[in-house]
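Student: What follows is a single structure, and I will ask about it in a moment.
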Amino acid sequence: IPGTDLEALTSVNDRLFAIAERSSKSELIELEWNGGLLAVVSRWFIPTPAAEGIAYVPVKDKLYIAGDMQSRLPHERGVIDVYDVPDRNSTVIESPRSLNKNVLSNGLADSKIASLYYFEDTLYVLHDNSQIVRAWDIEKGTSLGQFNLPRVGGDFNRQWEGVAFQRNVEKMDSLLRGLQDRPQSSLVMHLTLDS
């Protein structure tokens, strides 16, 4: 899409949504496969400033979009707006509601958000400038914890751009472990770095 600064993608059932960053507002774009290429289906301007991340939360049937309130103090930068999934034929999107910025930014020197990912009933929020990922229970509105991002050295420690999770289920060797055969799992976090 010429001239468009795409930042993130999410899928909603058989639909694919992208967000494009703009300074004072952003754009939500629906795409679909057409002859082996992605084609634009619909475009909507949204009030979320400088959108950086998007996640679909199926239990709420909502799109969560992270933006950057660039003109604010660093601890007030990160915002997450919540939108209804738009109808394909609609020309406007309803005004969003926002998650509590004070709760989201609590204890952070810089609350800028680089990415969102919803996985196994948890919303993960990557705060690139604070170099942490926080996990949130959306239903209860409570923090489930946080962990530090890897240190890569140089000027890249604040350049983490995306996060995703994958559950790996493995059958452990019962002879080595002395346990009955039962599936074990590990959680893998994938990170993208803007180098």
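Student: Which one of 120, 94 is farther than 25 Å from residue 40 by Cα, in contact with a Phe, Trp or Tyr (Cβ under 9 Å, 6 or more places away or on another chain) and surrounded by fewer than 11 Cβ atoms within 10 Å (Cβ to Cβ)?
Tutor: Result: 120 is the single residue among 120, 94 that is farther than 25 Å from residue 40 by Cα, in contact with a Phe, Trp or Tyr (Cβ under 9 Å, 6 or more places away or on another chain) and surrounded by fewer than 11 Cβ atoms within 10 Å (Cβ to Cβ).
Student: For residues that are open to solvent by less than 80 Å² (accessible area, probe 1.4 Å) and acidic (Asp, Glu), tally how many sit in region 11-34.
Tutor: 3
Student: Mind checking which residues of region 35-44 are open to solvent by 10 Å² or more (accessible area, probe 1.4 Å) and in contact with a strand residue (DSSP E or B) (Cβ under 9 Å, 6 or more places away or on another chain)?
Tutor: Hits for region 35-44 are 38, 39, 40, 41, 42, 43.
Student: With the structure loaded, tell me whether residue 67 is among the small types (Gly, Ala, Ser) and either out of contact with any Leu (no Cβ under 6 Å at 6 or more places or on another chain) or open to solvent by 40 Å² or more (accessible area, probe 1.4 Å) (or both) or whether it fails that test.
Tutor: It is true that residue 67 is among the small types (Gly, Ala, Ser) and either out of contact with any Leu (no Cβ under 6 Å at 6 or more places or on another chain) or open to solvent by 40 Å² or more (accessible area, probe 1.4 Å) (or both).
Student: Would it be correct to say that residue 5 is charged (D, E, K, R), within 22 Å of residue 112 (Cα to Cα) and touching a residue at least 40 places away in the same chain (Cβ under 8 Å)?
Tutor: Numbers: charged (D, E, K, R): yes; within 22 Å of residue 112 (Cα to Cα): yes; touching a residue at least 40 places away in the same chain (Cβ under 8 Å): no.
It is false that residue 5 is charged (D, E, K, R), within 22 Å of residue 112 (Cα to Cα) and touching a residue at least 40 places away in the same chain (Cβ under 8 Å).
Student: A follow-up question, please. Just to verify a result, which residue in region 1-59, among those that are among the hydrophobic types (A, V, I, L, M, F, W, C) and outside any strand (DSSP E or B), is farthest from residue 79 (Cα to Cα)?
Tutor: Looking at residues that are among the hydrophobic types (A, V, I, L, M, F, W, C) and outside any strand (DSSP E or B), I get 1.
Student: Moving on. Just one of the numbered conditions (1) in contact with a Leu (Cβ under 9 Å, 6 or more places away or on another chain); (2) more than 18 Å from residue 52 (Cβ to Cβ); (3) not aromatic (Phe, Trp, Tyr) is not true of residue 132; which one?
Tutor: That leaves (2) as the condition not met.
Student: Tell me which of these residue 81 doesn't satisfy, since it passes every other one: (1) surrounded by fewer than 17 Cβ atoms within 10 Å (Cβ to Cβ); (2) modelled with pLDDT of 95 or more.
Tutor: Failed condition: (1).
Student: Let me ask you something else. Counting residues that are under 20 Å from residue 25 (Cα atoms) and without any contact (Cβ under 8 Å) to a residue 40 or more places away in the chain, which strands (runs of 3 or more DSSP E) fully inside region 67-161 reach at least 2?
Tutor: Those strands (runs of 3 or more DSSP E) span 78-84.
The values are calculated or read from the model by the stated rules, or taken from the named source; none is laboratory data. On a predicted model such as this, the values are computed, not experimentally measured, just so you know. Every residue, glycine among them, receives a Cβ derived from its backbone with ideal geometry; neighbour counts consider all protein chains shown. When the accessible area is computed, the model is the full protein with side chains, heavy atoms only, and any ligands, DNA or RNA have been set aside. Shrake-Rupley method; radii C 1.70, N 1.55, O 1.52, S 1.80 Å.
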